[in-house]
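In what follows, a structure is listed as structure tokens, so that the remarks can point back to it.
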Amino acid sequence: MVASVAALKSAAQAASYYEADDYYADGESPSAWFGEAAKALGLSGEVERATFAAALKGDLPNGQQIGTVRGGEREHRPGWDMTFSAPKSVSIMAEVAGDRRLVDAHDRAVKVALRFVERHGAATRIREQGEIRTVETGKLAVATFRHNTSRAQDPQLHTHSVILNATQDKSGSWRSVESLAFFRIYKDAGAVYRQALAHEARQLGYGIREGKGSTFELAGVPEAVIRKFSARGNQVEAALAERGKTRADATAAEKAIITLATREVKKDITREALVPSWREAAALAGFGESERRELLAATQTRAATIRTPSLADIGRAEAAATIAVASAARHLSEREAVFGAAALEAAAGEHAGSRATAAQIAAAVTKAKVAGELIGREMRCGARAFTTREAMTTERRMLALEQAGRGQVTAPLGRHDAVRAVTTAAFFTEARGHKWTSGQFAAATGLLLGEDRVAGVQGYAGTAKTTTVLATYAQGMRAAGYMVRAFAPTAAAAKLLGDAIAAKGETVAKAVLTGEGMVTEARRGKEAWIVDEASMVSARDMKRMLDLADRAGARLVLVGDVKQLGSVEAGRAFGQLQDAGMKTFVLDKIVRQENDLTREAVQATIVGDGRRALEALDRGGGKVTELAEAGDRRAAMARDYAALSPRERERTLVMDATREGRELLTQAIRAELRKEGALGKDSVIVSTLESKGLTREEARHARGYEAGDVVTFRRDYERHGIDKGQAYRVESVDRDRNRIVLLGRDDRAISWQLDKWGRGQVESYSEVEREFSAGDRLQFTRNDRAAERINGNTATVTNIDAETRTMTIVDASGSEGRLSLDETRDRHVRHGWVGTIHGSQGATADRSMTHLESFRANTVDARSAYVAISRARQHAAVYTDSKAKLGGALESRTGERPMALTEYQTGGDREPPGKHSYSGGL
């Protein structure tokens, strides 16, 4: 754990904690004040106990008191502990080998990280005109305490940075700190700390073994000795595992709780007493005195050759910082139109590596802002943020294309023909027992009478958009002489749409990739294009689809639900187009839910009433199970799922908000199914391929890959011995030269120079070992047209032949297939018992079971809850840590994504935002 953050619960506890841990011991763990607020309070040098204890209570050195008076008592949160911990190899060289230069390097790196925290995390809340908003102050008072051992008495150089709950606003007033930013940026602060420490270590002559992200260890320190001195970290990881968590999966609060729960009583042993035992343990691990001295001497020799940077060196560093900021902006803007300034600096620092300092990165950000490449924005939490010039251009072009098509085409059908087509379709639907709603009538008729090139259908989940409106529209357009094409963001959704409207379904990604051919074909006649699940289309792809339709002369209907989850990539294009005045027909009568209380829960999530939604489930729309421990919740879900009949399981959708949660819940369900005999005894271990999900920018650089990754290429590179679709393992990564060594089946080494070939035609994966048994449900994770496999679809394992390493499977249609488990194309599978909420959007089932943890601010909000609950026709079950907290979270977290543009230029006479419905008589 390189960086962590936790709230201090009481001033007395906090003060005694640092005293009891001997954080004031002379010479061992020096303390110091840091920050602009500390300077303003006259706090500098060593932390004096009485002053520190008083400040924790809100009694500032200037005589002012901070806190809220309730019932005659002053309440005040003491502050927060942000801890920066050195990589284990640094601690070993500093404390075991005695290289005290590294202690000073650690101190300097902590200051770099704290300056970052102060710049991006110092904020307070103020009330203006009846509204409370968060404003940055740029001032923190931080008491730092350096320590050199872990609770397990291993060498562990770390610094506790106690951030006092006091900041000074621009008017000079002292106020309490708004702390949400600390929990948002602590990982970025940890990355900045690691980057600064790696730079310092290089200056001291150390080589660096780079790991994932900004992690590193010192070259020359054996892995065996690092493992030997990692008892405390192993303790925490074991405790997390017992609760069904991992470091990647657990929140900052959970990790803090586990850390405290596993904390041993600090033994009163001096560093002098511990060093001999450390050195003995290191020697037993192969890092004895001679090895330590040899490494230390080598670093000192190298350090002596490192010269003071010349003007040319500084110029190269500044250029590297500029390139790094541009790369980081491309990476972040691919997923978010507006991204945090803190995340930008951390990502740029990772890209720059040793070539630029944190200060040079910060200067490059300012330079990019002045040049107009980065445009300042503010996030809803008040934090500084940016968008890019390119993102703004994309959104402007998208809006302009839609606006230019208003009133530019003739109605496909006359009013009489349009009304007859819709009335006829509604008659036959009603004969089958389903009566059309007024919104369906209005939308289908309005589309067939439309004179805009682009139109939208906004329909809540379960409003039968596809089977009524779109099927009728497609039929009417064919009658008018149009060819109809079907598109969606995913292959599964594209097939569903295509089947419903009797057209071939294609993904939006394929359309924008092969669009020129489509444009040429469309110009030979008249075409109508329908894009379903439009809320999941990014601004970038939406702009491309609008551009293609414009050049093809095709009509375009966008269908979706702005209340559901958006695209993986940046933007909220469908909502933005509606806000800008695109003619949009609204379907708001939900017909999917057969249970009135389940429908009430869905409707409550639409309007952001989380508490009413959960109450409706508890009253009969499903159920809400409240259990404090994650492991207990998953066990309960697994038992409830296993208790269903096989037929009920087939009609039940199980979801988690995160990928890590999906895997843990899958393990729990498989264990229950194995108990009851639903899974066979025969099993096989499959080395499956899980996409790393790299952005395009990450895929361009060697730093985006790590040893052990698997890559495949979308085309042959005969000159380099690369075959399309074949798996190649990453053997080594050279970040500085942007080069990777790959190994093929024959273990032949291939030098992949990313600057020269292949980087735009590659897919990257991590290998994940999974056990499959007869009776297991698997899910395909990649489209394979030749094998007729669709990403997201599931199949059942009916037989396993461990000798030939093959699995026989049967899909939902009853078709049988066989997987050769050592073939690359057949390794794109995972267990199919549990899906993520995002991956389940568009699915429908009789029942749903969803794990929603109230504290997951990034993945649990009103939108994710709406998607999860609305999947169910009859019964929606929610499993949570706290019903009350979850209800509040769903009301406070809208899940709304920011856009690059802050204003719309709609033009014309139409008044934005424009939601329109056909109001003519039938």
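All Cα-Cα distances of the chain, cut into 10 Å bins from zero to the largest, leave 2, 10, 18, 23, 22, 15, 7, 3, 1, 0 percent in each bin in turn. Take every pair of alpha-carbon atoms less than 8 Å apart whose residues are at least six positions apart; their mean separation over the length of the chain yields a relative contact order of 10 percent. With 0.36 nm allotted per residue and the present C-alpha distance subtracted, the L284-T808 stretch has 183.6 nm of extension available. Dividing the alpha-carbon radius of gyration of region 311-389 by the rule-of-thumb value 2.2 N^0.38 Å gives 1.04.
Along region 374-381 the Karplus relation, 6.51 cos²θ - 1.76 cosθ + 1.60 evaluated at θ = phi - 60°, assigns HN-Hα couplings of 10, 10, x, 9, 10, 6, 4, 7 Hz to successive residues, with x for each Gly and Pro. Rg and Dmax of region 628-733, both derived from C-alpha coordinates alone, stand at 19.7, 58 Å. Put simply, region 3-218 fits an ellipsoid with semi-axes of 32, 20, 14 Å; these come from the alpha carbon gyration tensor as the roots of five times its eigenvalues, largest first.
Taking region 64-88 and a reference point 7 angstrom along Cα→Cβ of R49, no backbone N atom is nearer than 12 Å. The Rg/Rh ratio for region 697-759 is 0.91, where Rg is the radius of gyration of the alpha carbons and Rh is the Kirkwood radius. Here the 3J(HN,Hα) profile of region 484-490, calculated from phi with Karplus coefficients 6.51, -1.76 and 1.60 at θ = phi - 60°, is 10, 10, 10, 9, 7, x, 10 Hz, Gly and Pro shown as x.
The amide H of S732, built 1.01 Å from its N in the peptide plane, has V741 as neighbours under 5 Å, considering only residues 5 or more places off or on other chains.
On a per residue basis, the chain carries 44 Å² of accessible surface, using protein heavy atoms and a 1.4 Å probe. By accessible area, using a 1.4 Å probe on protein heavy atoms only, region 27-72 has 46% of its surface on carbon and sulfur.
Summary of packing: across the peptides 536-544, 36-44, 52-60, the per-residue average of other C-beta atoms within 10 Å ranks them, highest first, as 536-544, 52-60, 36-44. Among beta bridges identified by DSSP and lying wholly in the chain, the antiparallel ones come to about 70 percent. Under a 5 Å amide H cut-off, with hydrogens placed 1.01 Å from N, G792 pairs with F780, T781, R782 among residues at least 5 apart or on other chains. Entry note, region 3-218: relative contact order of 26 percent, from Cα contacts under 8 Å with a spacing of 6+ residues. With the largest listed first and rounded to whole Å, the semi-axes of the equivalent ellipsoid of region 387-546 from the Cα gyration tensor are 27, 18, 16. Subtracting the Cα-Cα distance of E626 and A312 from 0.36 nm times their residue separation leaves 106.8 nm of extension gain. Extension gain, R651-S176: 0.36 nm per intervening residue step, less the Cα-Cα distance, totals 165.9 nm.
Using the beta-carbon distance between K885 and D547 and R0 = 35 Å, what value does 1/(1 + (r/R0)^6) give for FRET efficiency, to the nearest 0.05? The calculated FRET efficiency here is 0.20. Here each label is just a point 7 Å from Cα along the line to Cβ, and for F427 and A786 those points are 5.0 nm apart. Close amide H partners of M849, meaning residues 5 or more places away or on another chain with modelled amide H under 5 Å apart, are L653, V654, M655, A877.
Computed with every protein chain present, the accessible area of H720 is close to 50 Å² [probe 1.4 Å].
The values are calculated or read from the model by the stated rules, or taken from the named source; none is laboratory data. All values reported here derive from a predicted model rather than from experimental measurement. In this analysis, Cβ positions are derived from the backbone assuming ideal geometry, glycine residues included, and neighbour counts consider all displayed protein chains. Protein only, heavy atoms only, side chains kept; ligands, DNA and RNA dropped before computing areas. Shrake-Rupley method; radii C 1.70, N 1.55, O 1.52, S 1.80 Å.
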